[in-house]
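Input: a single structure, listed below in structure tokens.
The values are calculated or read from the model by the stated rules, or taken from the named source; none is laboratory data. Worth saying up front: this structure is predicted, and the values here are computed from it rather than measured. Methodologically, a virtual Cβ is constructed for each residue, glycine included, from the backbone with ideal geometry; neighbour enumeration extends over all protein chains shown. Side chains are part of the model used for accessible areas, which takes the heavy atoms of the whole protein and leaves out ligands, DNA and RNA. Shrake-Rupley method; radii C 1.70, N 1.55, O 1.52, S 1.80 Å.
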Amino acid sequence: MAARTWIFDLDNTLHDARARIFPHINRSMTEYVAKHLGLADAAADTLRTTYWRRYGATLVWLIRHHDVDPHHFLDRTHEFPHLNGMVVGRRELASVLGRLPGRKFLFSNAPQQYAQAILRILKVEKLFEGVFSIEHTGFRPKPDAHGFRKLLRTYNLSAAGCIMVEDDLENLRTAKRLGMKTVWVDASHRAPSWVDANVRHVTRLPRLLRKLQAAAEVSNSMPLG
């Protein structure tokens with residue numbers, strides 16, 4: 001496969017955040033909402049969940065309707081006393097990513113400091129040319145196309161030359177609409193039409209190179225207009 005540009009999501013793509021990290025972040029966000037809006041924890045959690053579904057991120061709602069400082073919110077909700085012991089990754093991740101031909105970037109709705117810390121713990125930080133976090137999107141998280149376009153401009157990338165690797169289908173839908181190839185990290189065997197390939201774990205990506213190359217050749221051979 002010709003060298004392409006790989007754009008990776010972070011949480012539940014490069015590591016499993018479901019068991020330890022996400023519960024901690026969810027509790028921290030609920031506590032933040034409760035404190036700043038003067039609500040009981042149960043009411044704050046219900047409100048946070050409702051607006052997370054509506055806006056795709058709790059932060060968007062807080063900025064639009066409650067004038068919350070996004071940096072303060074991200075700092076307070078991503079404080080981890082023992083982050084090293086909370087990251088669930090695979091030892092072979094670094095060697096697998098290192099074998100993938102092409103440039104690599106991280107694109108996450110998480111804050112910069114947290115994203116870089118996770119990459120260091122996973123021992124893959126040197127494999128990525130850039131970390132494009134929620135701050136870089138102007139606090140407009142995926143699946144908003146604004147962040148995708150800004151990432152492409154920042155690193156002078158062509159969408160057609162990129163492969164987006166994600167666990168979230170809505171984020172992949174945006175990537176596909178922009179012209180990227182898409183890889184869904186999920187155990188499901190039924191992927192929607194905007195997914196070019198899916199894997200149970202990113203460590204299986206090398207097995208997809210031939211399939212993704214074929215998808216790229218089909219796209220490039222299609223007539224324009």
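Here Leu62 meets the list (1) modelled with pLDDT under 95; (2) of a type outside the set (D, E, K, R); (3) crowded, with 17+ Cβ neighbours inside 10 Å; (4) under 23 Å from Arg20 (Cβ atoms) almost entirely, failing just condition (4). Per the conditions (1) in contact with a strand residue (DSSP E or B) (Cβ under 7 Å, 6 or more places away or on another chain); (2) at pLDDT below 95; (3) buried (at least 16 other Cβ atoms within 10 Å of the Cβ), the sole criterion not satisfied by Ala19 is (3). Checked across region 146-163, the condition of being surrounded by fewer than 19 Cβ atoms within 10 Å (Cβ to Cβ), touching a Lys or Arg at 6+ places or on another chain (Cβ under 7 Å) and closer than 21 Å to Arg53 by Cβ holds for at least one residue.
Tell me, which helices (runs of 4 or more DSSP H) lie completely within region 138-225 with 2 or more residues that are at pLDDT 95 or above? By residue number, 145-154, 169-177. The residue list His71, His24 contains one member that is modelled with pLDDT of 95 or more and either aromatic (Phe, Trp, Tyr) or within 30 Å of Leu205 (Cβ to Cβ) (or both), which is His24. Pairing residues of region 93-117 that are on the phi < 0 side of the Ramachandran plot and part of a loop (DSSP other than H, G, I, E, B) with residues that are of a type in the set (A, V, I, L, M, F, W, C) and open to solvent by 30 Å² or more (accessible area, probe 1.4 Å), at Cβ distances under 6 Å and at least 6 apart in sequence or on separate chains, gives Pro101/Ala3. Being of a type in the set (A, V, I, L, M, F, W, C), over 27 Å from Gln116 (Cβ atoms) and surrounded by 16 or more Cβ atoms within 10 Å (Cβ to Cβ) is the requirement here; does Ala34 meet it? The answer is yes for Ala34. The residues in region 177-196 that are farther than 18 Å from Gly89 by Cα, surrounded by 19 or more Cβ atoms within 10 Å (Cβ to Cβ) and not polar (S, T, N, Q) can be counted, and the count is 5.
Every condition in (1) surrounded by fewer than 15 Cβ atoms within 10 Å (Cβ to Cβ); (2) in contact with a Pro (Cβ under 8 Å, 6 or more places away or on another chain); (3) of a type in the set (A, V, I, L, M, F, W, C) holds for Ala40 except the one numbered (2).
Just checking, how many residues over region 43-59 are open to solvent by less than 70 Å² (accessible area, probe 1.4 Å) and either free of Cβ contacts under 8 Å to residues at least 12 places away in the same chain or β-branched (Val, Ile, Thr) (or both)?
Here the count works out to 6.
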